[in-house]
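First up is the structure itself, then whatever we jot down about it.
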Amino acid sequence: MRDVRMRGFAERADVTDVESFLRAEASALSAEVVDLLDCTGRVLAEDVISDVNVPGFPRSAMDGYAIRGEESFGASESAPISFELIGTSLPGAAFGGTLGESQAVRIMTGAPLPEGADAVVMAEVCQENPDGGAVEVAEAVPPHKNVGAVGEDIRSGRTVLSQGRRLRPQDAALLASIGRAAVGCVSRPRVRLVVTGDELLPAGSRPAGVHIVDSNSVMLRSLLARDGASVLPFEILPDDPERIRDAMGDAAANVVLVSGGSSVGQEDHAPRLLGELGSLDFHGISMRPSSPTGMGRIGSTFVFLLPGNPVSCLAAYEFFAGPTIRQLGGRSRDWPHRRTVLPLARKIASAIGRTDYVRVAIEGRHAIPLATSGASILSSTVRAAGAVIVPRGHEGMAEGQEVEILLYDEEAAGEGEA
C-alpha cells in the first residue's frame, strides 16, 4: 500500500463510486428481541401478526343505556318509551345477567355490552326515574348503533405492522393493545469512536495554549443518536500508532469512526493502519470539503476515516458513514433531512468532477452561500440553515437558480433566519 504521508493523493475516488460500493457492501444486522417499552424508534425485523381481536368483546362507544335497538323504534321526545333498568355495566366490570324484553342496562364508554343487548342509546336523550327502576328513552336507535364490534380495531390474523417499519409511539401502543411484551427489531449498529490528536482536550474543557477542545466527538455522538446507533465507550487518543491500531481493531464494533489523522500529514497514521489491519478500499475523494476521507473494512467492521476539520468531518459522515450506519440498522440510506427549494442569492463556483457540500443561510426567501472552503470553520454550520450539494457534473450553480437545500433543523427555518 502506498504511504501518502507528506506526498499527497495520486488520485481521488468519485463520490458516487464510494456510495455505490457502500450500498452494495452493507446489509441490515441480525435481529434482537426488544422490550415493548424500549422499542420506539427501532426498526422491525419481522411482520407483526395479531393473534387476538381488539376489542375482544362488543363494547359501548359512549355513556348511555344498553337496549335491544328494535324496541326503541317510535320513541321521541313527545312519546318516550320506558325500559326497566336492571343494572350497570362498567369498563372491566361487566353486567352479569342477560337483557330481557323491554329492559335496559346503564353502560359507560368502553364497557362490555350485556348479553341480549345490541345497541346503546346515549344518556343525553334518556331520563331515569327518580327511584332508578326505569329509564325513558326519547330517541330511537337501530341495532348495532353506538356499539364497537369484536375486532373493530384489529382482527385476529391481521398483519398490523410490517418488517422494516421504524416504530413510532402509536405503534408501540398498538403492540401493547395486542398483548406483545417484546418485538424483534434490527440490532442497533455498535459504533466505536476513535478520536485522535495530541492537540485535543476533552469536551467540556477550555481551550488553552496550543491545545483545542475536541468538538467532533460531540457532533458525531449526536449524529449517531439520530441515525439509531449505539456508541461504545471511547477516549481521546494521542497520535500513537499502536494505541490507534488497538482502538481501530475493536471487535465489538460494527462501525469504527476515526476522527482525525486521515490525511497525508506526518502524524496521519490511520490510513496505513487500516490497510495493515484490513482493507483500505478508498482514500482521497473528489469532494469539497472532506477530500482526505478514507474508508475500508476490518473483517466485517466498516471503518471510516473522517477528517479532523469539523466541517469536513460533518460532510464525510453525512455522505458515507451516516447512510451506512442507517442501512446496517435497517433504515433508509437517504439523507434524513427535510428539504426546501429556494433561488440562490449569488452563484456557487465548483468544478466538473468534484462534488461540493456548500453551507447556505436563508434570508428573504433566498439561499446565500456562506463558504465553499474553510473546513475548519465550524461556526459556518451554525450560521447555516442547511447545505446544497453541487453534483460532480456541474461547474457550479448560477445566481437565481433554484436549488434543493438539506435543512439542518427539524423545524422549518423562518423567513429572515440565518
I want to verify a result. In a Gaussian network model of the chain, Cα cutoff 10 Å, which of these has the top mean-square fluctuation: Val213, Val48, Val194?
Val213
Carbon and sulfur: what percent of segment 220-288's accessible surface (1.4 Å probe)?
47
Where nothing but the Cβ of Lys and Arg (+1) and of Asp and Glu (-1) is charged, how large is the charge dipole of segment 74-179 around its Cα centre, in debye to the nearest 20?
980
Choose one of Ala119, Ser156, Gly204: the residue whose Cα lies farthest towards the positive end of the charge dipole of segment 80-221 (beta-carbon charges +1 Lys, Arg; -1 Asp, Glu; about the Cα centre).
Gly204
In segment 54-119, which GluC sites (Glu not before Pro) are in a loop and have at most 15 other Cβ atoms within 10 Å, using DSSP for the loop call?
Glu77, Glu101
Choose one answer from Ser60, Ser50, Ser27: the residue with the largest mean-square fluctuation in a GNM of the chain with alpha-carbon springs under 10 Å.
Ser60
Ordered by number, the chymotrypsin sites (Phe, Trp or Tyr not before Pro) in segment 67-149 that occupy a DSSP loop and have at most 14 other Cβ atoms within 10 Å are Phe73
Given H placed 1.01 Å from N in the peptide plane, which residues other than close sequence neighbours of Leu161 have an amide H under 5 Å from its amide H?
Val48
Counting only protein heavy atoms and a 1.4 Å probe, tell me what percentage of segment 313-375's accessible area is made up of carbon and sulfur.
52
Rolling a 1.4 Å sphere over the protein heavy atoms, what is the accessible area per residue of the chain, to the nearest Å²?
47
Which one, [x] 45; [y] 39; [z] 24, gives percent of Cα pairs over 38 Å apart as derived from the coordinates shown?
[x]
In segment 18-124, trypsin sites (Lys or Arg not before Pro) in a DSSP loop with at most 16 other beta-carbon atoms within 10 Å:
none
Restricting to segment 94-239, what percent of DSSP beta bridges are antiparallel, rounded to 5?
35
Which residue fluctuates the most in the chain, going by a Gaussian network model with Cα springs under 10 Å, if the choices are Asp118, Asp239, Asp334?
Asp118
Under a Cβ-only charge scheme (Lys and Arg +1, Asp and Glu -1), can you give me the dipole magnitude of the chain about the Cα centre, in debye to the nearest 20?
1840
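The values are calculated or read from the model by the stated rules, or taken from the named source; none is laboratory data. Please read these numbers as outputs of a predicted model, since none were measured by experiment. Cβ coordinates were reconstructed from backbone atoms using ideal geometry, including for glycine residues, and neighbour counts include every protein chain displayed. The area values use the complete protein model at the heavy-atom level, side chains included, leaving out ligands, DNA and RNA. Shrake-Rupley method; radii C 1.70, N 1.55, O 1.52, S 1.80 Å.
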